[in-house]
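Undergrad: Let me give you the structure first, and then I'll get to my questions.
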Amino acid sequence: MKRLENKGFGLEWFVFIMVMLIPKLSLFAQQDSLWVLETVIDNYELQMEDLEDIENISEELLERMEMSQIGGLLNLNDLSYEQAVNQLQLSDYQYYQLQLYIEEYGQLYSIYELDAIEGFMEKDRLRLAVLAVIGPPPKSKPTFKELWKASKSVLWVRYGQVVERQAGYDTTRANHYEGSPAHVQFRYDYHVRQHFGFRIAGEKDAGEPFFRGEQKYGFDHYSGSVYVKNLKWLKCAVLGDYRLNFGQGLVLGSSMMSGKGGDVSTIRRFAEGVRPVATTNESELFRGGAVTLGNSKWLGSLFVGDVTETNSNAFGGAVSYRRAHFSVGLHAVCFGDYADTALAREKWQALFCPKHVNAGLSYHAVWRKQLFFGEMAVNEQGKVSMLHTAVFAVNPVFRFATLVRYYTTGYEAPMGRAFRVTSGDCGEFGTYLAGHLVLSRKVETDFFFDYYRLLWLSYQTDAPIQGVDGGMSLTCRLSRKSTLMMRYQWRSKPKNASGEDYLRRLAGLNRHRIRLQWSNEPSPLLKLKTEVSAVFDHTDGAKWKKGILMYQDVVLHFRKPQLGLYLRVAYFDTDSYDERLYAYENDVYYAFTVGSYYYQGMRAYLMLRYKIQNFSIWLRVSRTHYLNKEIISSGLTQIDKPHKTEVKAQVMYRF
């Protein structure tokens, strides 16, 4: 009864019910293309439930989307293989068919011509309508003067803070924060089309000092890089921070790998090689130098530098050979450990006496309409891992993929991120099947099935186990502006039983997840999204546990003035943290938020985006109010109230 006695309970429920009724309204204005971008994001939102490192994955998605905007949108009539695969994420078969169409019928004049090219579907056209343009190819290469005039800069500064007072800011405590509760970030990006660029970013976390104490130089984290790209045989040269992605992630994979339940085409990782970054995310990345040289057939890369946050350094290289329907690549990396107090000479001695080595062989081949790709890798101990995938285009309405993986126990790749259930050196064997079927012009379905065996101990499992994941989704286009999506997922995976037994026993866990989502655009001004998600867990010898999430999104876009309003009101109720549910949230530029909803309560956010000439401004306020708790969190982040409020403000200037 205590939940019902909360003073704000009645008003919050009234607001929630009223917002759920807003879909009955109809307003009019100019169309905004943001809804197309959100369809790209929604595809990854469905996969968040199986991803452990959401922060890194989200940053990767944003970097890819931003990269496609640098130097202007890509021209489909003048598209290189690297741009098509790495930036637009076209399959090799799609790129081949696009070039074949242009060669036979001439340059494209409309984005709708993609519907006539084999291998392209409606969702590909919608995505490319945002990430690319169609225009005449340039008659000649731009001169240095023309490139210099095309230079552009982007600067943004962000401020965020939790409004409620947290325990760590009580200076009377023996253990407390030294800095303010402000979370400050900035980034400056200068680029000359896609040929030259300079980036720098900084971040000050909440609670850390700023230009005083241990942070005399301001931000606690700086990141930056200088790069040159796509100049004849010089494909990429970078000094500073960069990420590496070769093969399918068994050796070097700082790029995202899709989770289970996504589209068949998202299974493949696109090996973009060296990618310069300036990131506010303090996760592992390379800091040093890298270069990639080559032509249309051969590519070679060398890199050297420190691996941030892991107290190690690394060097390595890669070489690949590519033809129209086939490519093969070799890549290797050596890691050397050193102490923080070691002299530079000792550090480099450790580098050339590596402690850890990974090497891999990757391949991909297109035969008729079928695609085959994979990777085999080995470490310094002779431990082998491999991943092989085949994608079959059975006919225009049905595609099917199978992925087989085997990771030997003891194989560990410090900078790898391949398709797998667990992380670390736990051995794994599995077979993943996925399919996409077009039932009609308005109805499509995706399904997947994954059987796997974990060959050693892993998180919450003190013995080798076998598990099964499966699911399917049905997407119905009710009209051009209205889409209904239904999704069901099932997981059967043993885990440690509860209790304090000396010898832990395993108990079977069966989890069912259901999602119903309706997106509607009743007018160019108004976009709505309604979702209901539920999870049901059952562990052997225990009662069923459940969780539910309901939310309503309202997005308003105005052309004059260039103003956007984003509103969400959500209600959630879960029996424990294990039944948490995820949902993507609109956020400020270059901030990707996937909310985690658990326990009982309500959450709402309101964001304003305003653009005037070269300036863009974002203001965001979010609040979570728990109905069954009087204290939130513990330790230094403890809040002695049942609610948590966060504010964000960001300013961006393009010049």
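The values are calculated or read from the model by the stated rules, or taken from the named source; none is laboratory data. Computed from a prediction, not measured in an experiment: that's the story for all the values here. FYI the Cβ positions are ideal-geometry reconstructions off the backbone, even for glycines, and counts take in every protein chain you see.
Undergrad: Restricting to the stretch 231-246, what's the tally of residues that are in a strand (DSSP E or B) and either within 11 Å of Phe303 (Cα to Cα) or in contact (Cβ under 8 Å) with a residue 40 or more places away in the chain (or both)?
TA: Of the residues in the stretch 231-246, 11 are in a strand (DSSP E or B) and either within 11 Å of Phe303 (Cα to Cα) or in contact (Cβ under 8 Å) with a residue 40 or more places away in the chain (or both).
Undergrad: Quickly run through the stretch 618-655 and pick out the residues that are more than 26 Å from Gly179 (Cβ to Cβ), modelled with pLDDT of 90 or more and hydrophobic (A, V, I, L, M, F, W, C).
TA: Selection gives Leu627 alone.
Undergrad: Could we say that Phe449 is in a strand (DSSP E or B), without any contact (Cβ under 8 Å) to a residue 60 or more places away in the chain, under 23 Å from Thr539 (Cα atoms) and more than 21 Å from the chain's Cα centre (by Cα) here?
TA: Yes: the conditions hold for Phe449.
Undergrad: Of all residues in the stretch 289-306, which are surrounded by fewer than 20 Cβ atoms within 10 Å (Cβ to Cβ) and hydrophobic (A, V, I, L, M, F, W, C)?
TA: Those that are surrounded by fewer than 20 Cβ atoms within 10 Å (Cβ to Cβ) and hydrophobic (A, V, I, L, M, F, W, C): Val291, Leu293, Trp298, Leu302, Val304.
Undergrad: Scan the stretch 527-557 residue by residue and report those that are of a type in the set (Phe, Trp, Tyr) and surrounded by fewer than 15 Cβ atoms within 10 Å (Cβ to Cβ).
TA: Hit for the stretch 527-557 is Trp544, nothing else.
Undergrad: When Phe655 is evaluated against the numbered criteria (1) in contact (Cβ under 8 Å) with a residue 60 or more places away in the chain; (2) buried (at least 16 other Cβ atoms within 10 Å of the Cβ), which criterion, by number, is the only one it fails?
TA: (2)
Undergrad: Report yes if Ala390 is assigned by TED's automatic domain parsing to the domain that holds Phe246, surrounded by fewer than 18 Cβ atoms within 10 Å (Cβ to Cβ) and in a strand (DSSP E or B), otherwise no.
TA: Spelling it out, Ala390 is indeed assigned by TED's automatic domain parsing to the domain that holds Phe246, surrounded by fewer than 18 Cβ atoms within 10 Å (Cβ to Cβ) and in a strand (DSSP E or B).
Undergrad: Return yes or no: is Gly595 surrounded by fewer than 16 Cβ atoms within 10 Å (Cβ to Cβ) and over 17 Å from Val163 (Cβ atoms)?
TA: For Gly595, the condition - surrounded by fewer than 16 Cβ atoms within 10 Å (Cβ to Cβ) and over 17 Å from Val163 (Cβ atoms) - is not met.
Undergrad: Can you say whether Tyr590 is among the hydroxyl-bearing types (Ser, Thr, Tyr) and either loosely packed, with under 14 Cβ neighbours inside 10 Å or in contact with a helix residue (DSSP H, G or I) (Cβ under 6 Å, 6 or more places away or on another chain) (or both), as far as the supplied structure shows?
TA: Details: among the hydroxyl-bearing types (Ser, Thr, Tyr): yes; either loosely packed, with under 14 Cβ neighbours inside 10 Å or in contact with a helix residue (DSSP H, G or I) (Cβ under 6 Å, 6 or more places away or on another chain) (or both): yes.
When the stated conditions are applied, Tyr590 passes them.
Undergrad: Scan (1) at pLDDT 90 or above; (2) surrounded by fewer than 16 Cβ atoms within 10 Å (Cβ to Cβ) for the single condition Leu503 breaks and write down its number.
TA: (1)
Undergrad: What's the number of the condition Phe326 fails, among (1) touching a Leu at 6+ places or on another chain (Cβ under 6 Å); (2) surrounded by fewer than 19 Cβ atoms within 10 Å (Cβ to Cβ); (3) not acidic (Asp, Glu)?
TA: Condition (1) is where Phe326 drops out.
Undergrad: Among the aromatic types (Phe, Trp, Tyr) and assigned to a loop (DSSP other than H, G, I, E, B) - does that describe any residue in the stretch 493-506?
TA: Checked the stretch 493-506: at least one residue is among the aromatic types (Phe, Trp, Tyr) and assigned to a loop (DSSP other than H, G, I, E, B).
Undergrad: Looking for something outside the structural domain of Asp78 (by TED's automatic domain parsing) and more than 27 Å from Val621 (Cβ to Cβ) - is there at least one such residue anywhere in the stretch 156-163? Working first, answer last.
TA: Initial filter on the stretch 156-163 (outside the structural domain of Asp78 (by TED's automatic domain parsing)): 156-163.
Narrowing further to those that are more than 27 Å from Val621 (Cβ to Cβ): none.
The answer is no; no qualifying residue exists.
Undergrad: Further question on the same structure: Restricting attention to the stretch 396-446, which residues are in a strand (DSSP E or B) and either assigned by TED's automatic domain parsing to the domain that holds Phe120 or hydroxyl-bearing (Ser, Thr, Tyr) (or both)?
TA: Across the stretch 396-446, the qualifying residues are Thr402, Tyr406, Tyr407, Thr431, Tyr432, Thr445.
Undergrad: Would you check if Thr280 is in the same structural domain as Thr389 (by TED's automatic domain parsing), of a type in the set (S, T, N, Q), modelled with pLDDT of 85 or more and under 26 Å from the mean Cα position of the chain (by Cα)?
TA: Considered against the rule, which asks whether it is in the same structural domain as Thr389 (by TED's automatic domain parsing), of a type in the set (S, T, N, Q), modelled with pLDDT of 85 or more and under 26 Å from the mean Cα position of the chain (by Cα), Thr280 comes out as no.
Undergrad: I'd like the full set of residues that are modelled with pLDDT of 80 or more and out of contact with any Asp or Glu (no Cβ under 9 Å at 6 or more places or on another chain), limited to the stretch 85-99.
TA: Tyr95, Leu98, Gln99
Undergrad: So Met550 clears everything in (1) part of a strand (DSSP E or B); (2) out of contact with any Leu (no Cβ under 9 Å at 6 or more places or on another chain); (3) of a type in the set (A, V, I, L, M, F, W, C); (4) more than 26 Å from Lys481 (Cα to Cα) except one condition, right? Which one?
TA: Here Met550 clears every test but (4).
Undergrad: Please verify whether Met472 is in contact with a Cys (Cβ under 8 Å, 6 or more places away or on another chain), modelled with pLDDT of 90 or more, among the aliphatic types (A, V, I, L, M) and not in a loop (DSSP other than H, G, I, E, B), treating the condition exactly as stated.
TA: So Met472 fails the test.
Undergrad: Is there any pair with a first residue in the stretch 575-593 that is farther than 17 Å from Val554 by Cβ and a second that is modelled with pLDDT of 90 or more and of a type in the set (A, V, I, L, M) whose Cβ atoms are under 6 Å apart and which are 6 or more apart or on different chains, and what are they?
TA: Within 6 Å, the pairs are Glu579/Val535; Leu581/Leu549; Tyr589/Met652.
Undergrad: Restricting to the stretch 164-174, name every residue that is at pLDDT 85 or above and loosely packed, with under 14 Cβ neighbours inside 10 Å.
TA: If the condition is that a residue be at pLDDT 85 or above and loosely packed, with under 14 Cβ neighbours inside 10 Å, then Arg165 is the only one that fits.
Undergrad: For the stretch 520-529, check the following and say yes or no: at least one residue is touching a Phe, Trp or Tyr at 6+ places or on another chain (Cβ under 9 Å), part of a loop (DSSP other than H, G, I, E, B), of a type in the set (A, V, I, L, M, F, W, C) and more than 16 Å from Thr574 (Cα to Cα).
TA: yes
Undergrad: Another question, if that's okay. If we keep just the residues of the stretch 382-398 that are touching a Gly at 6+ places or on another chain (Cβ under 8 Å) and more than 28 Å from Thr422 (Cβ to Cβ), which is modelled with the lowest pLDDT?
TA: Among those that are touching a Gly at 6+ places or on another chain (Cβ under 8 Å) and more than 28 Å from Thr422 (Cβ to Cβ), it is Ala393.
Undergrad: Conditions: (1) modelled with pLDDT of 90 or more; (2) surrounded by fewer than 17 Cβ atoms within 10 Å (Cβ to Cβ). Asn496 meets all but one. Number of the miss?
TA: (1)
Undergrad: Look at the stretch 561-578 and say how many of its residues are buried (at least 20 other Cβ atoms within 10 Å of the Cβ) and either among the aromatic types (Phe, Trp, Tyr) or in contact with a Ser or Thr (Cβ under 7 Å, 6 or more places away or on another chain) (or both).
TA: Going through the stretch 561-578 one residue at a time, the tally reaches 3.
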